[in-house]
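A short write-up of the structure that comes next.
The values are calculated or read from the model by the stated rules, or taken from the named source; none is laboratory data. Predicted model, so just to flag it, every value in this text is computed and none were measured. Cβ placement follows ideal geometry from the backbone for every residue including glycine, while neighbour counts extend to all protein chains displayed. Ligands, DNA and RNA are excluded from the accessible area calculation, which covers all protein heavy atoms including side chains. Shrake-Rupley method; radii C 1.70, N 1.55, O 1.52, S 1.80 Å.
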Amino acid sequence: MKKPLIALFSLLFTFALVSTVQAATTPLASVKSGDLIRGQSFTAVYYYGADGFRYVFPSDKVYFTWYKDFSTVKWVSDDDLTKIQIGGNVTYRPGVKMLKINSDPTVYAVSKNSTLRPIGSEMVAIDIYGKLWNKMIDDVPDAFFGNYQIGSKIEFPSQYSIASEKVEVTTVNEDKSLSAPTIVQITDAGYDTPTIHVTSGKAVKFINSGSLPHSVTEWDSIWGSGTLQPGETYSRYFIKKGTWMYYSTYDAKTKMTGAIIVE
């Protein structure tokens, strides 16, 4: 799956600032792309992506590069929260901060798609961020470095514009290039679209709209949804090009078989 490294352990204390007074819960059906959500029992805050996954903010420092406060966070029931698959971590918004990791002195500027671009010199950093550039650096724990990819080095100030970076990326959806998944409905009679074609890097979401339990299981059990009760969903990103055959373990293969052709 095209997902960054997930590190949830830090979230037990990350969002202590979020009010512990429970607000009215929002029905899962009312949660939409771009919403900030949290459950009832834990203070972790998530971004609900256009692809139907939830993306966790690994620290308050990351959160505040995107939002000023927690006023728009919606509460959902713990049960509903578990129905939304975790997609990975939210990374720093481009143009807001520079980053470095604890074990490496290299300073990076942040660009779209969680890309870190090494800054070539102190003079370049000053030209881009001003004389107080060294106050604009956040240390990122080594454990979270896997959330990012390394991009091209910034040798000249003209190669990086804070304003342009911020204009290009205003939401997490834009930063991660998230889009709505291809939907396959599971009915008691079979998959509504047995064969689908998707481009590499596209998510597919299966929805059990029948009245009985079903599953989405790759023929060689490389991946699978497990049991999907009526109303439950399963999503997966498909990167490797080729054909994935799948079936329902609750039904005969002659009845419940499908194929995903990744192009």
Q: Please calculate the 1.4 Å probe accessible area of Val167, with all protein chains present, and give it to the nearest 10 Å².
A: 110 Å²
**Q.** Neighbourhood charge, 13 Å Cβ-Cβ cut-off, centred on Ser225 and excluding it, Lys, Arg +1 and Asp, Glu -1
**A.** +1
Q) In what order, largest first, do Phe145, Phe53, Phe42 sit by accessible area if the probe radius is 1.4 Å? A) Phe42, Phe145, Phe53
**Q.** Spacing of the two label points (7 Å from each Cα toward its C-beta) at Met245 and Ser30, in nm
**A.** 4.6 nm
Q: Could you work out the per residue convex hull volume over the alpha carbons of the chain, in cubic angstrom?
A: 140 Å³
Q) Got a number for the accessible area of Lys166? Probe 1.4 Å, square angstrom, nearest 10. A) 80 Å²
Q.
Give the residue list of GluC sites (Glu not before Pro) in region 128-170 that are DSSP loop and have at most 13 other beta-carbon atoms within 10 angstrom.
A. Glu155
Q: For the chain, give the percent of accessible area contributed by carbon and sulfur heavy atoms, probe 1.4 Å, rounded to a whole number.
A: 56 percent
Q) What is the magnitude of the charge dipole of region 33-167 about its Cα centre, with +1 placed on the Cβ of each Lys and Arg, -1 on the Cβ of each Asp and Glu, and no other charges, expressed in debye to the nearest 20? A) 280 debye
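Report the FRET efficiency, 1/(1 + (r/R0)^6), for Phe70 and Lys255, where r is their Cβ-Cβ distance and R0 is 51 Å, rounded to 0.05.
Numbers: r = 48 Å, r/R0 = 0.94.
Efficiency, rounded to the nearest 0.05: 0.60.
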**Q.** Two-site FRET efficiency, Glu232 against Glu263, from Cβ-Cβ distance with R₀ of 30 Å, rounded to 0.05
**A.** 0.60
Q) With every protein chain left in place, what is the accessible area per residue of the chain in square angstrom, probe 1.4 Å? A) 48 Å²
Q: Kindly report, to the nearest 10 Å², the accessible surface of Trp219 as traced by a 1.4 Å probe over protein heavy atoms only.
A: 100 Å²
